[in-house]
Structure formats: C-alpha cells, structure tokens
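For reference, the structure is listed below as structure tokens.
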Amino acid sequence: MQRGLAEWMRFAAVLGTAGLLLAGCTTAELAIDMVKKSQKEKKAVEQAEEVAAGTIVAKPRYKVGDPYNVGGVWYYPARDLAYDETGIGSWYGDEFAGRLTANGEIFDPEAITAAHKTLPMPSVVRVTNLDNGRSLVVRVNDRGPFVAGRIIDLSRESARLLGFKDQGIAKVRVKLLAEQSLRLEELAKKGMFPQVAGKQETPMPEFNAVGASNVTFSATSNSGRSNYSSADGQSAIDLLANAHVGEVINVPPIETSIWVQVGAFHSETNAVNVLNRIDRVSSGQVSRINRDGQVLHRVRLGPVSEVDEADRLLAAVFDLGFRGARIIVD
C-alpha cells in the first residue's frame, strides 16, 4: 500500500512537471502570436495613417514568393503557365483602397485587378462568370482571398463588370493567359509597371490559334466591337484569347454544379478509404479523370446548388483534417 502511494506520488510529480512544461510552451506560443499580431496591427495602423496623409509610395516588384501559412492552410506560390481552375470568386474594395498590395503596388478598387493565392504578381488571367457568361481579362497584383472555398478576390470594379458586385460571390473560371503574363513578367523584371504609372499597357504579342473550333456561338464585347461570331470568321474563343485588360466579353452562360473536392489520388483504394472517412459529412463519390496522361481518382462531395452549403461541407471536411480540400465548379 505504501509502495503504491509512493509510486502514485512520483507519477503525480512527473505529471505536474509535464504540465508546467506544456504550460510554458503554450505561454511561449501565445507570446509569439501576440507579438506577431501586435506587429501586424502596428503595420496596419501605420499604413492607414500613410493612406490618410497621402504619403504611401508604390514600390512594385515582380514576385512569386515562398510557401506561406494562413489559418492552418499552406499555400505554395508558383509560376504555373497552365493554371486553369474553377471555383467561387469574391471581391474586395474600399477598406483596402490606397494600401500596398503584396507586390508593392497601390490597391485601387476602380482598377481591373485581382488577388490570387499562388500566381506570380503581376500575372494576367481571364475570369469568366459561369452564371451569366461575362468574361474579363484581369491583372493579378495581390495575395488572397484567405477565405476557405474562394479562388480569386477581384477589385470592386472587376466584380461590377463581371456582374456579381451586388451578390458578392459568383461561380467562376480563372485561366492564366500565358503570353500576356510572360510579357508582364518581362516588363516587371525590368522595373516597368505600366498600370502603376498610369499608362496604357504595352501591347501584348499576337495570339495565333492552332486549328479552329467547329462550335458556332456568338460573343459581344464592351469595346464597341459587337456581335462577333464564328460565322464572321472569329469565334468567341478567339475573341476571348485576344481580349485586353478591362474588356468584357459575353459568351453563353454554362450550367454548373458545385462540389467539394477532398483530393485526387493515383490509388483507387486510397480514394475509397478517404471517401469512407468523410461519409459522415455527406454523400460523395470517387470519379476517374485523365490528367496529363495519368489516371487520377477524385474524391468529391456533392453536387450542391448553393455556395453556403458548399462552405458548410468544406468546413466539416477541414475539421476531419483534410485541409487541402477545395470548392470547385463543374
């Protein structure tokens, strides 16, 4: 009995020491978090004061950036000339007006710009509102949005032109325009940022399509060149490829569904195991796709018709530890 009591007392002492160590670690982590938060708040206040005083000076630079973590999710910036994704787009506006963007430009809600989590800055993307068919070429010069389930954050004016400013969000396709992006990269590396200086953009290289589409459909432009169609010798696809920043093109809207994609796996067994782990959240499926000559097995929940429901499913999947899950539109 006495031996048992002695052992229990030693065990309690060990627990107490471990508790103090854990408490020390927690205190240290909290202190670091508080310092980071304080520094961030101080920087925001200083920037706000500079905005009010009109003394913020643009220091633009070409930037890809290192991997970074926001809200427990890792992002890996990359020069991806084949980038082409669908998902939910949002917009940001006056609260950031006059502040520096992630690559040192000054954010203007009236400019045709956007924030993206991983693409180089500056880049050029074509954003298409899949619900109404409006398509706009936009210049990426900031990081964001850091809200789960959103793939691009547009300026207020860009959202207005795409027809979703009042709704706040839209189902979108975001496709990098490689030739235009490479041209902006070349200029930026030489210290040239035409839009920051308030000048017109340097003309981009001509785009020569290989082959022609047999699909006939019409498209209109806000530049005054209306009623383009393949019957006139220029398809809507050609028109989209040649569109300039700020030019809205109208193509037929596409009927789509919203999915939460948990992951894509080479092994079908792994995909099925993941699906079994998340079946408590909602019904899902494993589907096969061919990506660059490789067969992948996608694990998806859905489809759902409302973004709110997709957000709920995504949050539930995050809670199960699948932090790489995302919302896509098909």
Under a plain spin-label model, where a point goes 7 Å from the Cα along Cα-to-Cβ, how far apart in nm are Asp330 and Thr256? 1.4 nm
Relative to the present Cα-Cα distance, how much length would full extension add between Arg99 and Lys165 at 0.36 nm per residue of separation? 21.7 nm
Need one number: nm distance between label points at Phe146 and Thr269, each 7 Å from Cα along Cα→Cβ, rounded to one decimal. 4.0 nm
Given the pairs Lys63/Lys171; Lys59/Lys165; Lys117/Lys165; Lys63/Lys117; Lys59/Lys189; Lys59/Lys117, which span a C-alpha to C-alpha distance of over 24 angstrom in this model? Lys63/Lys171; Lys59/Lys165
Under the 0.36 nm per residue contour assumption, what length would be gained going from the current alpha-carbon distance of Val57 and Asp279 to full extension? 74.7 nm
Listed by chain and number, the residues whose amide H is under 5 Å from that of Gly263, excluding neighbours fewer than 5 places away on the same chain and using placed H, are Val299
Amide H neighbours of Ile254 at under 5 Å, excluding residues fewer than 5 places away on the same chain, with H built from the backbone geometry, are Gly133
Want the number for Leu187 to Asp292: 0.36 nm per residue separation, take away the alpha-carbon distance, what's left? 34.7 nm
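In what sequence do Met121, Met192 fall when counting other Cβ within 10 Å, fewest first? Can you show the working numbers first?
Working: Met121 27, Met192 14.
In order of increasing Cβ crowding within 10 Å: Met192, Met121.
Just so you know, all these numbers are worked out from the coordinates, no wet-lab data involved. Everything numeric here is computed off the predicted structure, so don't read it as measured data. Don't worry about glycine lacking a Cβ; one is built from the backbone with ideal geometry, like all the others, and counts go over all protein chains shown.
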